Every structure is written in C-alpha cells, then in structure tokens.
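Read the structure below first, then the notes.
The values are calculated or read from the model by the stated rules, or taken from the named source; none is laboratory data. What you are looking at is a predicted structure, and each value in this text was computed from that prediction instead of being measured. Note: ideal-geometry Cβ built from the backbone for every residue, glycine included; neighbour counts use all protein chains shown. Note: areas computed on protein heavy atoms with side chains; ligands, DNA, RNA excluded. Shrake-Rupley method; radii C 1.70, N 1.55, O 1.52, S 1.80 Å.
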Amino acid sequence: MEDDYVQRCAGFTEGASVREGYGSIEEQIQDYIRVFLKLQQAGEEERKLFFSRGKNRIGGREALTCIFLPAVCLRERYDLTETEYWLVMLAFCLEVEGGLCLDFGEKSRGKQPDLQYGLHLLSAVLPVDFALIGELCRREGVLGEILRIPEAEQTGLLSAPLLLEAGAFRFLLDGIPPEEEPFKCFLPDETLLPGGRASLALHEGEYNRLCVCFSMAEPVRILLNGDRGTGKHTLMKRVCGETGSIAVFVKVGKLLKEEAVKRRELMQTLRLIGRLFLPILVLEPGDAADVGPAAELFLNEGFPECRVVFLTENRAEAEEAGGLCDVRMNLRQALSEEEVRLVLDSRIGAGERRYWQDELLGRYRLTIGELERKQKAVVLMAEEAGLTLGEKAPWEAGLKEHTMNSGMGRILESRCTLKEIVLPKECREQLETVMRLAERWGGEQGLHLLFHGSSGTGKTMAASALAGELGIPVFKVDLSQVFDKYIGETEKHLDEIFRVAKRGRCLLFFDEADALFGKRTGIQDAHDRYANVSTAYLLQRIEEYKGIVILATNLLDHFDDAFVRRIRFVIRFHNLDREDRERMWEKALENGPPLSEDVSAAELARAVELSPARIKAAAQVAGLLAGCGESGSITRVHIKKALELEAGKDETALRGLG
C-alpha cells in the first residue's frame, strides 16, 4: 500500500510546468496530498527542494483557476501565514486521506497524527516558532477558530489529534457555508419560496430601506419586528437576493439550550462563516430573555464585519433588542387590500379568479402567512367536495374552519342588527354612535367598550348586533379556560385568544369581566402578585388589539376604577320601560306559533317587568306549550304558565293577568 502512495507522488517531476488551473476542488487537494506524502519520505535536503517546487506548482495552478477554491478563500479571509496555512491543509488532508502519515501510524499503533507531529513535519521546510505554539496553547490567533484545540485540562496541547473544527472541514470539502441546527444559511441564488414560487412585492418600504442599509460600507444593526407570519423571513431573503448577500438565520433560544461543548462548536462554525462570507446575521430570539445573551455572543469582536438583524415577534422582544440597534422597523400586522389582491392574483388561475374572493378575505386582517394557510384550507375543501376555486362554498367553509379553532372560547353564530333588538332609547343612541365610529375606524386603532347592567338586559345581544352591523364575527371568551394556577400559562392562553381574534378580525367579548378586572387585591402571597400581573398583561393586550373589545359586567361597582378610566366607551344597560317591553313581546312572539285573540303584547308588558332575555325565554316556553295543545296557537293560558315559571325565578309579581 505504501508503494501505491509513493507512485502518486510522480505528479510532481522536476520539469513539470504549470499550464492550466484546477478543474475541481478534489484535483487541488490531490496535489496537497502528494506534497505531504513526499515530505514524509524524502531526505532533509530533498524535502526542501520538493516542497518549494510543489508549493510553486500549486500556487501557479491556483492563480489560473476559474472555479471557487475554498482553501484559497480560507487563507485570504483569515490572512494566514504560510506555516499556519500549510498546517491547516495538513489537518484537512489527514481527514480526507487516511493513508497519509503512515510512519506516524506505524509508530503510534494507528492513532491520529497529533499537533506535535504536524509542526515537526513542517518545521523542515517552514519556520515554526514558539510564538505560534504559544498562541495555540492560549487558544488565541486565527488557528484557534480553525483547528480543534482541546481544553487545557483535557489533554496536553501538542499531543492532541491534529483535527479541524467541524465547520472548517465541511467548508474545505465543498465551499458551501456549513449549517447545522439551530442555524441555517440562505444563499442569494436560492429559491425564495417552496415549489419555486416567486416572491411577491410586499412591504416595499421596508424592503427599500433594508437594501440601502446593507449597501452601506459600515456594518449596521437592524431591528425588524412583526408578528409571526408577516413575512419577515421572505423579506430578508428578497433583500439578500437583491444585494448578493448570504444570510444566516440563528434560532437563539435553541442555541442557548445546547450543552456548553456543543454550543462552543456551533459558535466556532458561526464565527468561521462570519469571517469567510461576511453574512447578514439574522438573530431570532425565542423570547425577550434571549436578547441579552444573543448580544453577548454576536455583538462583539467575533463578528466585527457582519451586519446584524434582530427578528422579533412581540413588543417585549422588540423593546429589549431595540436599544442595541441602529435602525428599527415594524412590519404591518395585516396585508392591505391591494396586497391581498396581489396574492390572490398570483396564487389563483385566471379561470377561477372572482371579485367576491377579495370581499370574503376582506373580512379578516391577515398576514401573508395566515392568508396562505387559509388558501390551503380552501383548496383542500374544494378538492374534498369536487368543486373549483371559482365556487363560493369551499371558500366560506374553508375560511371559517381555519379561523375559529380555539379552546379559549367560541364564535357566536347568531347574527342580528341594531334594528332587530329592543333597547332603551339612550342605550340604542350610544350604540349607534359607536357603530358610526367603528365604520370609520378602519382597523388602525382599537375600540374598547364596557357594557354594564343587570343580567338579561341585552349586553350579549348588543355585542352580536354591533358585530352584525360591521360584518365581523363575535368571539366570546370562556373565562373558565383562561386563568391558570400555573405561572405563565394564563399569558399563553391570552396570547391564543388574541391570535385567533386577530386572525378572524373578531369582536372580542369578555362576559362577566369583573372576574378579570375586579378591584386589585392586596398582595398576600405569590398567587396574589401573579393574579395582578396577569390582569395587567390582559389590559396591555386589549390596548394593543386593533379591533373591538367589549367587556360586560353585571357588577360595575366591583370594577377597578383605574381600569374603567382606561375604557373608551361605558354603556349602561337597564330594564325596559313599558313601551319597550311591549315591542319586545311583539318581536319575541312574531316568529313563533300563531297567537290567539286573547293574547295582547300591551297587556303582557303591563303584567310583569321582565328583562329582554327573560321575555324571550317566556315566549319560547309559551310556544312549546302551544305545540303540545290541540289548536297549536299560543293562548292566554300558555302565556300565564310561562310567565309564572319566569316570574318564579325571583318572585317577580304578576299584575292582573287572569
């Protein structure tokens, strides 16, 4: 086997001339292997002559080479000395060619050649001084980023195997930026979206600003904040394609969770990429607590020439990272009507494109990610039903199914308008004012309302009517599912509520909200402190929500005054007067069984003072009783029995209904 390696050295002859460059990385590395084989086998004088010729030949061919040679890039970007460079190439060749250094293997029973052997081999043809060894011992200098140097307490430095860091080895193999969880590299010539789909011109203002920032000579730090699904990653990839930059997306939270040894290896690879490619470092914190450690790892001398972008998804992360950045940008939470139209035009064939598709999607405030997920749901519905995208049914079913999934509440299916419900005059006028404001509001800021009044006075019906007038769904929150005894879980539940509400552009309805915003407790223990923190967090989310939020309560006196002052509109619901009760009876009975001649809405209104909800309930009971009779009509007897049942709930007196 040794004779085979000797024969491969014949590629370097005394009269060999340099006529052409390398056609591949493999061809270049074979020349380095020949040099190292000859160094082991030649005498001292022959070594120097052969090394000089081999080095000149390799250098000459590299100068004529048109393809990218990773080894040359590594040498130039790290500004390696001749000795450092040849030590790195020896380490690389040892890993790719197991037959190298046969004499070492024979003496050491097959062990990997160590650093001492490599320095000794090169010392015959290159200067090897104590300064270089000292840097290696202190893990300083550029070799500390390329060679795998053990910790001092693990083994003696010079007896450690001569190995490259994993990232450096992978780069020298193919010249591609190495990547490994938790980071991923994006090259400017890569396809932006799965399936070869073209990227759309969204967030054009931010796109232009980023292109300007990355064309500057000095490295810049940028904060790019936007909800999940707003297109931050696609935007960054578009910018990289335009500027010819490589981007490295780093999941900071996952990086920080790695064990110390693994994290050190990953950081070595990232520093190598930073030095070789001058990429845009795109840091994605898992939460606000990751921002500080990310700054310590990346905003230092290890990445002096890299541009840095913090991609954040919420206010806490943005505030933490904002102070570290030179430029701050916020992406819109929802696509504009024109952008929705642009997406639909690009995703749906002309034969299935319809004007009402824009109208349907206009009911929602969607990010690009949410819109694409909704479209997938619609396509699935259409395929299952054997329909086309030009038909309305799969759109209505798909959009509804994909929007309203949450264990934190439910969508109120019943829809009505203000004209269809009976309310006191003052209350109706206030709601009409709110409705006019909401129609002009356009979703750029939130509307927060507090409905208070006795049970059954129409608070839920009014919320449904307001949503019906505006053409938006009502999401009624299930408070029993929101608050959790485990710290941090309540905030997660609240995030889920507002995520679903924003995605469906819902009116958020919190019934019995005094349970949430009751007068603040004195702090007796950690649970009291946490309850107050959770309530403050909910108030913050309400104020950030660019939609309509209605808090309803039967007990306004139990509400914290500080919270009430921060609500924009407070509307009182009280019991109906006699005329309103008469209109309520008429509406409650009009869609049921026919009425006998002895039933009068005016007489019913005088007979008992019931809330709208209880009038509606009594009318339903009377209708059921009528269905059990022979005539099928609602009679005075049916009404009286139904009223006795309703009135008996709180001993309400009946007035002369005989």
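Search the range 222-254 for residues being charged (D, E, K, R) and either buried (at least 23 other Cβ atoms within 10 Å of the Cβ) or closer than 24 Å to ALA334 by Cα (or both), and hand back the single one that is farthest from the chain's Cα centre (by Cα).
The qualifying residue farthest from the chain's Cα centre (by Cα) is ARG238.
Give just the number: which of (1) within 17 Å of the chain's Cα centre (by Cα); (2) open to solvent by less than 30 Å² (accessible area, probe 1.4 Å) does PHE214 not satisfy?
Of (1) within 17 Å of the chain's Cα centre (by Cα); (2) open to solvent by less than 30 Å² (accessible area, probe 1.4 Å), only one is false for PHE214: (1).
If the requirement is being within 30 Å of GLN375 (Cα to Cα), of a type in the set (Lys, Arg), at pLDDT below 75 and part of a helix (DSSP H, G or I), which of these qualifies: ARG529, ARG440?
Result: ARG440 is the single residue among ARG529, ARG440 that is within 30 Å of GLN375 (Cα to Cα), of a type in the set (Lys, Arg), at pLDDT below 75 and part of a helix (DSSP H, G or I).
What number of residues in the range 255-299 are part of a helix (DSSP H, G or I), open to solvent by 30 Å² or more (accessible area, probe 1.4 Å) and within 20 Å of ARG170 (Cβ to Cβ)?
Looking only at that region, the number is 8.
Could we say that PHE36 is assigned to a helix (DSSP H, G or I), at pLDDT 50 or above and touching a Cys at 6+ places or on another chain (Cβ under 8 Å) here?
Here the answer is yes, as PHE36 does meet what is asked.
Restricting attention to the range 189-208, does a residue exist that is closer than 28 Å to PRO304 by Cα, polar (S, T, N, Q) and not in a strand (DSSP E or B)?
yes
Pairs only if they're at least six apart or on different chains, beta carbon under 9 angstrom, first in the range 253-268 and closer than 20 Å to LEU163 by Cα, second among the aliphatic types (A, V, I, L, M) and surrounded by fewer than 13 Cβ atoms within 10 Å (Cβ to Cβ); list them, first residue then second.
Cβ pairs passing all conditions: none.
Taking the range 618-640 only, how many residues are outside any loop (DSSP other than H, G, I, E, B) and loosely packed, with under 15 Cβ neighbours inside 10 Å? Explain how you work it out, then say what you get.
Initially, the range 618-640 is screened for residues outside any loop (DSSP other than H, G, I, E, B), giving 618-628, 634, 636-640.
After this cut, where a residue has to be loosely packed, with under 15 Cβ neighbours inside 10 Å as well, the list is 620, 624, 627-628.
So the count comes out to 4.
Return the residue satisfying two criteria in turn: it lies in the range 270-288 and is farther than 9 Å from GLY253 by Cα and small (Gly, Ala, Ser), and of such residues it is farthest from the chain's Cα centre (by Cα). Give the steps one after another, and end with the answer.
Keep residues of the range 270-288 that are farther than 9 Å from GLY253 by Cα, which gives 270-283, 288.
From what's left, small (Gly, Ala, Ser): 274, 288.
Values: GLY274: 25, ALA288: 14 Å.
Top of the filtered list is GLY274.
Pull up the range 336-395, narrow it to residues that are part of a loop (DSSP other than H, G, I, E, B), in contact (Cβ under 8 Å) with a residue 60 or more places away in the chain and of a type in the set (D, E, K, R), then point me to the one that is surrounded by the most Cβ atoms within 10 Å (Cβ to Cβ).
Here the residue is ARG365.
Six or more apart or on different chains, Cβ atoms under 8 Å: show the pairs whose first residue is in the range 30-48 and open to solvent by 70 Å² or more (accessible area, probe 1.4 Å) and whose second is modelled with pLDDT under 90.
Listed pairs, sorted by first residue: GLN41/VAL6; GLN41/CYS9; GLU44/ALA124; LYS48/ALA124.
For CYS73, work out the one condition from (1) under 27 Å from GLY144 (Cβ atoms); (2) surrounded by 20 or more Cβ atoms within 10 Å (Cβ to Cβ) it doesn't fulfil.
(2)
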